[in-house]
Amino acid sequence: MSRYARQEILPEVGAQGQAAIGKATVLIVGVGGLGCPVAQYLAAAGVGRLILVDSDIVSVSNLHRQTLFREADIGMLKAQIAAQSLAGLNSDCTIMPVCERLTPKNAKVLISEASLVVDCADSFAVSYILSDFCKATATPFITASALGLSGYVGGFCGSAPSLRAVFPDLPARAATCATAGVMGPVVGLLGAAQAQMALSVLLGLEPSPLGQLVTHDLRTMRSNGFRFDNAPEPESGSFAFIADDEIQPSDWVIELRDEAEAPALVHPAARRMKVSDFPTAKPMPDTGQRAVLICRSGLRSWQAATHLKTYWDGPISLIAMGDMPELERS
């Protein structure tokens with residue numbers, strides 16, 4: 001009996017659907033609380049190729065929710081360990097670990113290889129970088145966010161609006177899993193939902209999960225959702241993330257990290273400022289310059305850019321330099 005017999009018997013799958021799953025390449029960015037169930041379910045379902053992107057190592061605080069890892073894996077690269085585990089789960093599935101951070105520089109190449117992208121990362125910047133590239137290439141994009149006892153999962157791009165159409169702005173403040181906490185079953189449920197959305201897209205099921213957002217509150221055991229098929233894309237001037245090596249000599253570069261976070265400046269012409277300087281001192285680039293704002297996660301850069309845009313109409317780009325998120329999703 002085929003290992004996929006229990007799903008092939010479904011009229012929504014069948015032999016043709018299973019063949020489509022087997023031909024697919026899925027890019028999974030982040031192998032944490034969300035990425036572990038996503039990768040496990042997609043590998044088990046027979047996805048032909050999985051690309052796992054994560055630069056992080058396993059830590060003891062991961063183990064209550066990141067079910068691919070064991071105590072013996074602490075200190076080892078997540079993508080590498082996950083690839084080894086998944087290879088033992090299904091030899092039909094080719095696993096490609098990429099043990100580096102997702103950036104605007106490598107995102108284009110990685111997405112060009114994928115039939116579908118699943119965002120399981122812990123970074124605002126990563127989510128918007130992925131959405132921007134997926135929108136440009138009409139690649140389906142499944143993302144989720146979890147914190148505490150609740151979260152959401154949604155299908156974007158491809159035939160649907162982008163992440164920016166539904167979330168055009170970042171929050172003014174954001175908690176982290178380290179400060180607010182998160183339950184393992186919460187990310188498990190949301191990761192399973194991401195995996196099912198991904199399979200539904202690969203199978204071409206209708207209605208498509210692209211254009212659908214679903215929220216889950218596991219404290220009240222309630223779920224809700226809405227479709228956003230006709231959500232308008234934000235104006236073309238929305239802030240885009242770039243790689244640090246894309247800074248030009250003519251750019252007006254602002255470092256929003258303090259010396260404790262970033263002892264050395266990324267660019268010799270950069271100067272240090274705080275987000276609070278923008279609505280008060282109102283610093284302004286020269287005419288013809290591009291503003292480039294740098295922080296760790298993208299949140300402070302976005303906030304400073306929002307202030308800057310109120311009194312300056314030139315181009316603005318953002319750089320997120322580090323992996324420490326101001327909203328942890330995994």
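The values are calculated or read from the model by the stated rules, or taken from the named source; none is laboratory data. Everything numeric here is computed off the predicted structure, so don't read it as measured data. Here the Cβ is made from the backbone with ideal geometry for all residues, glycine too, and neighbour counts use every protein chain on show. The accessibility values were calculated without ligands, DNA or RNA, using every heavy atom of the protein model including side chains. Shrake-Rupley method; radii C 1.70, N 1.55, O 1.52, S 1.80 Å.
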Open item on the list: Filter segment 7-45 down to the residues that are hydroxyl-bearing (Ser, Thr, Tyr) and either in a loop (DSSP other than H, G, I, E, B) or in contact with a helix residue (DSSP H, G or I) (Cβ under 6 Å, 6 or more places away or on another chain) (or both) and list them by number.
Closed with: 41
- [ ] With the condition kept exactly as written, say whether any residue in segment 263-285 is in contact with a helix residue (DSSP H, G or I) (Cβ under 7 Å, 6 or more places away or on another chain) and closer than 28 Å to residue 136 by Cβ.
- [x] yes
- [ ] Quick one: count up the residues across segment 127-156 that are among the hydrophobic types (A, V, I, L, M, F, W, C), modelled with pLDDT of 95 or more and within 13 Å of the chain's Cα centre (by Cα).
- [x] 9
Open item on the list: Restricting to segment 158-172, count the residues that are free of Cβ contacts under 8 Å to residues at least 40 places away in the same chain and within 11 Å of residue 132 (Cα to Cα).
Closed with: 1
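So that you can scan it fast, the table gives a plain yes or no per residue for (1) at pLDDT 95 or above; (2) part of a helix (DSSP H, G or I); (3) at positive phi; (4) of a type in the set (A, V, I, L, M, F, W, C):
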residue: 284; (1), (2), (3), (4): no, no, no, yes
residue: 288; (1), (2), (3), (4): no, no, yes, no
residue: 293; (1), (2), (3), (4): yes, no, no, yes
residue: 297; (1), (2), (3), (4): no, no, no, no
residue: 300; (1), (2), (3), (4): no, yes, no, no
residue: 303; (1), (2), (3), (4): no, yes, no, no
residue: 311; (1), (2), (3), (4): no, no, no, no
residue: 324; (1), (2), (3), (4): no, no, no, yes
residue: 329; (1), (2), (3), (4): no, no, no, no
Open item on the list: Let me spell it out: the conditions are (1) under 14 Å from residue 28 (Cβ atoms); (2) surrounded by fewer than 23 Cβ atoms within 10 Å (Cβ to Cβ), and residue 88 meets all of them except one. Which number is the exception?
Closed with: (1)
TODO: Having 1 or more residues that are within 22 Å of residue 129 (Cα to Cα) and open to solvent by less than 40 Å² (accessible area, probe 1.4 Å) is the bar; report the strands (runs of 3 or more DSSP E) wholly within segment 209-277 that clear it.
DONE: 212-217, 252-255
Task: Residue tally, condition assigned to a helix (DSSP H, G or I), at pLDDT below 95, open to solvent by 20 Å² or more (accessible area, probe 1.4 Å) and touching a Ser or Thr at 6+ places or on another chain (Cβ under 9 Å), over segment 170-202 - done: 1
